[in-house]
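*Asks:* Starting off with a structure, shown below.
What follows is calculated from the coordinates using simple rules that are stated; it is not laboratory data. Given the structure is predicted, the values throughout are model-derived calculations rather than measurements. Here the Cβ positions follow ideal geometry from the backbone for every residue, glycine too, while neighbour counts run over all protein chains shown.
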Amino acid sequence: MITAGWAAAIWTSQHLQTGPVVQHCALFVHLASLVVGFGAVITVDWFGAQWLLRQRSLGDVLNVISGAHGLIWVGLAGLVLSGSFLDPDVEATWTRVKLVIVLVVGLNGLHAHTLRHALEGADTIGPSVLRRAAAAALISQAGWWTAALIGYGSTA
């Protein structure tokens, strides 16, 4: 579903004729979606880092994840959908890099979702789960920050 939605958004972006008013509104939705989705990701990863440093309980982290989960997906979906209306130049190298990063962030989100269920059902957390959690958080942060920086650079 992630890959299909991503591909559909790219295809749609190349077949839409939007004017300045629609693009202006889409930019607002894009920025609002970034705030919602990325803000929730930062919150989850912050609590996750505190757990890894033994400053929070796993229960605290799972509660935050449960509360932020919907916001992350709404933010990512809003970014992908609104991005379709921003007339992206899919021939540009940085746009292609950003599109791949968005796909990686979405797929990593699915992995994080399965990881969450593994954490919820675990009596003990082994090193492999800790490595998976750390890798998911690093991929998430790198992806969101890089996509945001590329997006900022294309508007600056």
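*Asks:* Can you tally the net charge around Gly153? Count Lys and Arg as +1, Asp and Glu as -1, for every other residue whose Cβ sits under 15 Å from the Cβ of Gly153.
*Replies:* So the environment of Gly153 carries a net charge of +1.
*Asks:* Report the label-to-label distance for Asp60 and Thr114 in nanometres (one decimal), using points 7 Å from each Cα along the Cα→Cβ vector.
*Replies:* It is 2.9 nm.
*Asks:* Here's a follow-up. For the range 110-141 and the range 33-103, write down the distance between their C-alpha centroids in whole Å.
*Replies:* If we compute the Cα centre of each part, the gap is 16 Å.
*Asks:* Determine the sum of side-chain charges near Ile72: Lys and Arg each +1, Asp and Glu each -1, restricted to other residues whose C-beta is under 15 angstrom from that of Ile72.
*Replies:* Every neighbour counted, the sum reads 0.
*Asks:* Calculate for the chain the 222 nm mean residue ellipticity that helices alone would give, adding -39,500 (n - 2.57) per DSSP H run of length 4 or more and normalising by residue count, nearest 500 deg cm²/dmol.
*Replies:* Computed mean residue ellipticity for the chain: -29000 deg cm²/dmol.
*Asks:* Follow-up. Of Leu62, Leu27, Gly75, which is farthest along the charge dipole of the chain in the positive direction, counting Lys and Arg as +1 and Asp and Glu as -1 at C-beta?
*Replies:* Farthest towards the positive end: Leu62.
*Asks:* Could you give the dipole magnitude of the range 26-156 about its Cα centre, charging the beta-carbon of Lys and Arg +1 and that of Asp and Glu -1, in debye to the nearest 20? Intermediate results must be reported in sequence, preceding the final value.
*Replies:* Working: 7 positive and 7 negative charges, 61 e Å.
For this selection, approximately 300 debye.
*Asks:* Please report, in whole Å, how far the alpha carbons of the chain spread along each principal axis, starting with the longest.
*Replies:* Projected onto its principal axes, the Cα set of the chain covers 54, 25, 22 Å.
*Asks:* Now for a separate question. Near Leu115, within a Cβ-to-Cβ distance under 12 Å, what is the net charge of the other residues, with Lys and Arg +1 and Asp and Glu -1?
*Replies:* On the way: positive: Arg116, Arg131, Arg132; negative: Glu120.
With Lys, Arg at +1 and Asp, Glu at -1, the net is +2.
*Asks:* Relative to the longest principal axis of the chain, what angle (0 to 90°, nearest 10) does the C-alpha long axis of helix 2-13 take?
*Replies:* 20 degrees
*Asks:* I would also like to ask the following. Taking the simple approach of a point 7 Å from Cα along Cα-to-Cβ for both Thr146 and Leu130, what is their distance in nm?
*Replies:* So the two model labels end up 2.7 nm from each other.
*Asks:* Also, quick follow-up: Along the Cα→Cβ direction, 7 angstrom out, place labels at Val35 and Leu52. What is the inter-label distance in nm?
*Replies:* Calculated label separation equals 2.9 nm.
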